[in-house]
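Participant: For reference, the structure I am asking about is given below.
The values are calculated or read from the model by the stated rules, or taken from the named source; none is laboratory data. Just so it is clear, the model here is predicted, and its values are computed rather than measured. Ideal geometry is used to build each Cβ from the backbone, glycine not excepted, and the neighbour counts take in all protein chains shown.
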Amino acid sequence: MSFFFFCKSDIMSKMDREDYKKFYWKIYVIIGLFAALIITWFFLFSRLQKNRDCFVNKDDPSVTPEPTAEVEPSPETTPVPTSETSPEPTAETSPEPTPQITPEETPAETAAPAPTETPKPTASPEPTATPKPTPAPTPKPTPTADTKQDLTGFDTEHVESMQYIANRNNSIPKSYVPSDLTSPNVAGIKGQKLRKEAASALEEMFAAAKKDGVNLFLVSGYRSYGEQEYLYKVYSGRNSKEYMSHLDAYPGRCEHQLGLAVDLSDTSRKCSLKACFADMDAYKWLQKNSYKYGYIERHPKDKTNATGIMYSPWGFRYIGKKQAEKVYKSGLTMEEYYGQKIS
């Protein structure tokens, strides 16, 4: 009998060991499957995140990546690399709503004061003086195209002129290439060029800004007709016709082809080619001082109806020191000052 129990115990012990082995193998398999599931989930999540970022950057017009020397050119500044230039391409420019011209304020009329109650007669009545109405101060009028201008010493008729205006009414010949292009010795994207006079003035302006603690940066200068044509095709596929109609990128209408237009930033480039550049110290310095060196802000705020181009605080244009001072002090755009209306 005892032998029987001993054999039975031995058999059960063997069976338990086999069950334990099977149990542990199941545990190992479950752990392995769980680990594989986690790895697979992490891989798929990473891929979906990358795809989501790509999709947002490609199709969302509100995303405006900062231009670098290695990415696709921006419609506003960066030319397609050629044998002559090495511009910095950027991705799509962020669309900005077309600013609306706010009508000038009309001085509020001051209501006439209520009549003073006539005092009751007394032994010695004294007349009470009625106060005169105080007129509201008349706001200073904003300069308009009707402001008297000194229209001497300028030339907007010939494409070689420093004051030639390019817009939807005035185009630049497809074959036009400035004969005196040169590379200004300033901080900026390698290979940018300007006409000799504009380049020299830009160097002078950069040096003056540096003395005042402002470090300017040249994002873009001359762009050929072919480069503008390429940029327009690229970005017209990503933006509406309405947006493109207010963008300074249409071939033959962009003043970068004149070799006189520049896109500027500061060396931090945090707001390069973005509306937030208007909040930077570099822009504030340019607003006050650029005209001293022959440059004016080309597409100022609330002037889209006058220029046909949306607000671009980074865009400046060389027109010569004397003419720049006249235009700056008038508060007008080039179109308004020189009597050109955008149809």
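Participant: Tell me, which residue of the range 144-156 that is modelled with pLDDT under 90 and either surrounded by fewer than 16 Cβ atoms within 10 Å (Cβ to Cβ) or on the phi > 0 side of the Ramachandran plot (or both) is nearest to the chain's Cα centre (by Cα)?
Facilitator: Checking each candidate, the answer is Thr144.
Participant: Ok, one more. So, Ser265, is that one within 14 Å of the chain's Cα centre (by Cα), part of a strand (DSSP E or B) and closer than 21 Å to Tyr318 by Cα or not?
Facilitator: Yes: the conditions hold for Ser265.
Participant: Report, by residue number, each residue of the range 279-299 that is in a helix (DSSP H, G or I) and more than 11 Å from Lys321 (Cβ to Cβ).
Facilitator: Result: Asp279, Asp281, Ala282, Tyr283, Lys284, Trp285, Leu286, Gln287, Lys288, Asn289.
Participant: Suppose we filter the range 306-328 for residues that are among the charged types (D, E, K, R) and under 18 Å from Trp285 (Cβ atoms); how many remain?
Facilitator: Going through the range 306-328 one residue at a time, the tally reaches 3.
Participant: Quick one: is Val177 of a type outside the set (Phe, Trp, Tyr), buried (at least 17 other Cβ atoms within 10 Å of the Cβ) and either touching a residue at least 24 places away in the same chain (Cβ under 8 Å) or assigned by TED's automatic domain parsing to the domain that holds Trp314 (or both)?
Facilitator: no
Participant: In contact with a Pro (Cβ under 9 Å, 6 or more places away or on another chain), hydroxyl-bearing (Ser, Thr, Tyr) and buried (at least 17 other Cβ atoms within 10 Å of the Cβ): is that true of Tyr293 in this structure?
Facilitator: no
Participant: Of the conditions (1) surrounded by fewer than 16 Cβ atoms within 10 Å (Cβ to Cβ); (2) touching a residue at least 40 places away in the same chain (Cβ under 8 Å); (3) under 24 Å from Val214 (Cβ atoms), Lys329 fails just one. Which one is it?
Facilitator: (2)
Participant: Here's another thing I want to ask about it. Does Leu258 fit the bill of being buried (at least 21 other Cβ atoms within 10 Å of the Cβ), hydrophobic (A, V, I, L, M, F, W, C) and within 13 Å of the chain's Cα centre (by Cα)?
Facilitator: no
The rows are residues; the columns are (1) more than 20 Å from Arg298 (Cα to Cα); (2) touching a residue at least 40 places away in the same chain (Cβ under 8 Å); (3) touching a strand residue (DSSP E or B) at 6+ places or on another chain (Cβ under 8 Å); (4) surrounded by fewer than 17 Cβ atoms within 10 Å (Cβ to Cβ).
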| position | (1), (2), (3), (4) |
| --- | --- |
| Val214 | yes, yes, yes, no |
| Ser224 | no, yes, no, no |
| Tyr235 | yes, yes, no, no |
| Lys241 | yes, no, no, yes |
| Ala249 | no, yes, no, no |
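Participant: Could you tell me which residue of the range 187-210 is nearest to Asn289 (Cα to Cα), considering only residues that are crowded, with 21+ Cβ neighbours inside 10 Å and small (Gly, Ala, Ser)?
Facilitator: Residue satisfying both the conditions and the ranking: Ala209.
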